[in-house]
Amino acid sequence: MRHFLTLKDFSKEEILEIISLAQKIKQEAKAKEFKPYLNGKVLGMIFEKSSTRTRVSFEVGIHQLGGTGLFLSTDDIQLGRGEPLKDTARVLSRMVDLVMIRTFGQERLEEFARYSTIPIISGLSDRYHPMQLLADYMTIYERGYDKNLVVAYVGDGNNISHSWLMLASKLGFELRISTPKGYEPDSEVLNDAFEFAKISGAKISILDNPKDAIKGATVVTTDTWVSMGQESEKAKRLEEFKGFEVDKEMMSYAQKGAMFLHCLPAYRGFEVSDEVFEEHSEEIFDEAENRLHAQKAVMVWLDRQR
Ligand code: CP
Ligand code: NVA
């Protein structure tokens, strides 16, 4: 049995296999052919943080696969009142077939998985957001940008940048990250990425100047400057991230025709200008839609490993 907690646990071949399954499932869905790959199965969805895309795409996804989704907000379940995670994991293992969790520390996902007898899927933690990156890569691949791919990530060095590090170092493409001082990616994640890059041939660099990161990039991406759980740091962050907004001028350093991706929700006038966002809205909303297809693929893939 496998879990989907971080791309760190997946090989290049497995990541590409899931992406290819996602493409197949997407084509079937576009032809209105919803195959019941998970007929009668139940997905529990625990949310300790807010969500639009993750919640809707998992719930719609499991429904389209012939199963049912249970939305379990910690405002409602006993976990939110202090019932141990390991007890929740053991109870759900006896009642549902898969569990997705959106939480704070990655160790919460790991603990849940340790006590589960069913596959556990990350729906984001403070450390990683692996589902997002599958959708991002799917969008890049569909548009043919996977060849000679150079990704520039500009912004906060937390969960999304960590997942880019895992994806690039596993698949072997070039990734440049630029963050304000003090907001660099975690050193452990970076070390892992450099180790994987030795095998895959990925080129990874951390640069102070966002323009140096974007120069010649074929894909530019960013994320909010204030992640969920960091609300009390908002004023300080907005000040310290000044100069990192992806605007027209910043995009002019990228290769002509470069894509711009954003995991959403986007805050215009902060990490991205309204102009850049709207110019690239087709790509961004394809990326959002691909969450649905990629997640269906992950659920089917995990079910097949059992
Ligand atoms: N990108 C993403 O995970 O969006 P939500 O927070 O709306 O789920
Ligand atoms: N870094 C953001 C991603 C949201 C999808 C957060 O953790 O809030």
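Each Lys or Arg adds one and each Asp or Glu takes one away; over the other residues whose Cβ falls under 13 Å from the Cβ of Ser227, this sums to -1.
Magnitude of the Cβ-charge dipole of the chain, K/R +1 and D/E -1, about the Cα centre, nearest 20 debye? Walk me through the intermediate numbers first.
Details: 40 positive and 48 negative charges, 195 e Å.
Approximately 940 debye in magnitude.
Shown here are the Rg and Dmax of the Cα trace of the stretch 199-306, at 16.5, 50 Å. Computed on the chain, with alpha-carbon pairs under 8 angstrom and 6+ residues apart, the relative contact order is 21 percent. Based on the alpha-carbon gyration tensor of the stretch 14-106 and its eigenvalue square roots a ≥ b ≥ c, which shape applies: rounded if a/c is under 1.5, prolate if not and a/b is larger than b/c, or oblate? The shape class here is prolate. The phi-based Karplus calculation (6.51 cos²θ - 1.76 cosθ + 1.60; θ = phi - 60°) puts the 3J(HN,Hα) values of the stretch 68-74 at 10, x, 10, 7, 10, 7, 5 Hz, whole numbers, x for Gly and Pro. Its relative contact order, with pairs defined as Cα atoms under 8 Å and 6+ residues apart, puts the stretch 1-148 at 27 percent. Can you pull the percent of Cα pairs in the stretch 39-188 with separation above 24 Å? More than 24 Å apart: 41 percent of the Cα pairs in the stretch 39-188. Just report the Cα centroid separation between the stretch 225-250 and the stretch 1-45, whole Å. After rounding, the separation between the Cα centres reads 33 Å. Here the alpha carbons of the stretch 142-223 define both size measures, Rg and Dmax, at 11.6, 35 Å. The Cα-based radius of gyration of the stretch 175-253, divided by its Kirkwood radius, gives an Rg/Rh of 1.00.
Each Lys and Arg Cβ is given +1 and each Asp and Glu Cβ -1; about its Cα centre, the stretch 196-269 then shows a dipole of about 280 debye. Two decimals is fine: what is log10 I(q)/I(0) at q = 0.09, 0.13, 0.20 Å⁻¹ for the stretch 107-251, from a Debye sum with one equal scatterer on every Cα and no solvent? Each listed q corresponds, in turn, to -0.29, -0.60, -1.30.
Counting other Cβ atoms within 10 Å, which GluC sites (Glu not before Pro) in the stretch 1-76 have at most 15 and lie in a DSSP loop? Numbers along the way, then the final one.
Values: sites: Glu13, Glu14, Glu17, Glu28, Glu33, Glu48, Glu59; in loops: Glu33, Glu48.
Passing sites in the stretch 1-76 are Glu33.
Going down the table (Lys86/Lys234; Lys170/Lys256; Lys170/Lys236; Lys12/Lys203), which pairs top 25 Å between alpha carbons? Could you put the intermediate results ahead of the total?
Numbers: Lys86/Lys234 33 Å; Lys170/Lys256 27 Å; Lys170/Lys236 34 Å; Lys12/Lys203 15 Å.
Exceeds cut-off: Lys86/Lys234; Lys170/Lys256; Lys170/Lys236.
Entry note: the chain has Rg to Rh equal to 0.96, where both radii use alpha-carbon atoms and Rh is the Kirkwood radius. Principal axis analysis of the Cα atoms in the stretch 242-286 yields extents of 26, 24, 14 Å, listed in decreasing size. Selection among Gly269, Thr221, Met299 by position relative to the dipole of the stretch 218-306 gives Met299 as farthest towards the positive end (Cβ unit charges, Cα centre). Result for the chain in a Gaussian network model with C-alpha springs under 10 Å: among Ser93, Ser50, Ser187, the largest mean-square fluctuation is at Ser187.
Across q = 0.16, 0.20, 0.24, 0.30 Å⁻¹, the stretch 122-173 modelled as identical point scatterers on its alpha-carbon atoms has Debye log10 I(q)/I(0) values of -0.45, -0.69, -0.96, -1.28, in the order of the q list.
Based on alpha-carbon atoms, the Kirkwood radius and the radius of gyration of the stretch 62-127 give Rg/Rh equal to 0.95. Here the Gaussian network model covers the chain, with springs between Cα atoms less than 10 Å apart; of Gln27, Gln132, Gln230, Gln230 fluctuates the most.
No lab work stands behind these numbers, since they all come straight from the coordinates. Computed from a prediction, not measured in an experiment: that's the story for all the values here. Virtual Cβ from ideal backbone geometry, glycine too; neighbours counted across all protein chains shown.
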